[in-house]
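Report on the structure given below.
Derivation of every value follows stated rules applied to the coordinates shown; laboratory data play no part. Given the structure is predicted, the values throughout are model-derived calculations rather than measurements. FYI the Cβ positions are ideal-geometry reconstructions off the backbone, even for glycines, and counts take in every protein chain you see.
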Amino acid sequence: MNMNINLLSGGAANAAVTGVQDDFEKETGCAVHATFSAVGAMHDQLISGTPCDLVILTRPLIDKLIASGHVVAGSAQSLGRVKTGVAVRTGEQHPDVGTREALAAALRAAKGIYFPDPAKATAGIHFLNVLKALGLDQELSAAFRVYPNGATAMQAMADSAEPGLIGCTQVTEINYTPGVDLVADLPREFELATDYTLGICTQAQQPALAQKLAAMLTGPASAAMRKQGGFEF
């Protein structure tokens, strides 16, 4: 391969990208160099000048980048919406998290609470607000296990030998991490469904290839895979 395409993406879209990457590379002869982390961190990398042809963030952040001239107007396309869910290690009992009271009880019972960066990750920001709404942000702070993004948080929880752990992040990051199970979405009053949206960067070195990858990520060829992973559309 003698061409590269650079992609910056929120972690929730990791599996969607890897699911089409092989076909894209075989068809185009172009290697995909992708970086996945919290959407805030990916936004900051793009703004700071990190080479990027295609970016996948939340819809509000893509709109902001279009307004600032970093993403081509009219290039935004949605991969689908992703809800935020609760996870436990595979093989452990699934607690009831269906109501405010049940979720609070499950969190209080946990030996450790795994979640992504509450400053830059969509799910982390939201989950900290849920903890505050439940009055648990101070009470349970010693149990917090915070990681840069949801994928690393779930992997760390899967790798831990400690029993009685619980986690919260985007359901796609839970579904595609071996060793953890999705218990349920957050209770309806705390529901968060995030629209993950891509855009072609105005400084793209491979705009035509970025458009092709965008079509594969949002089109019918990847729809079943995205739905299985937790995207809704």
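Listing for the model above:
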quantity	calculated
In sequence order, calculated HN-Hα J values of the stretch 58-68 (Karplus, 6.51, -1.76, 1.60; Hz; x Gly/Pro)	6, 4, x, 6, 5, 4, 5, 6, 5, 5, 7
At 1.002 mPa s and 20 °C, Stokes diffusion of the chain via Kirkwood alpha-carbon radius, µm² per second	119 µm²/s
For the stretch 1-131: rounded, prolate or oblate by the Cα gyration tensor [a/c cutoff 1.5]	prolate
Structure-based [θ]222 nm, the chain - -39500 (n - 2.57) summed over DSSP H runs of at least 4, per residue, nearest 500	-11500 deg cm²/dmol
Relative contact order computed over the chain (Cα-Cα under 8 Å; 6+ residues apart), in percent	32 percent
Global form of the stretch 4-53, assessed from the alpha-carbon gyration tensor, a/c cut-off 1.5	oblate
Above-threshold pairs, the threshold being 24 Å between Cα atoms, out of K26/K212; K83/K120; K83/K132	none
Environment charge at T152 (Cβ cut-off 11 Å; Lys +1, Arg +1, Asp -1, Glu -1)	-2
Fraction of antiparallel bridges per DSSP, the chain only, in percent to nearest 5	55 percent
The stretch 82-190 - share of DSSP beta bridges that are antiparallel (%, nearest 5)	55 percent
Radius of gyration and maximum dimension Dmax of the stretch 177-233, Cα, Å	15.5, 43
Cα centroid of the stretch 1-62 to Cα centroid of the stretch 156-173, whole Å	25 Å
Surrounding net charge for L8, when Lys and Arg each add one and Asp and Glu each subtract one, Cβ distance under 14 Å	-1
Relative pair counts by distance (%), Cα atoms of the stretch 82-190, 5 Å bins	2, 14, 28, 29, 20, 6, 0
Förster-model FRET efficiency, 45 Å R0, A208 and R188, C-beta, rounded to 0.05	0.55
Trypsin sites (Lys or Arg not before Pro) within the stretch 44-140: DSSP coil, no more than 13 neighbouring Cβ in 10 Å	K111
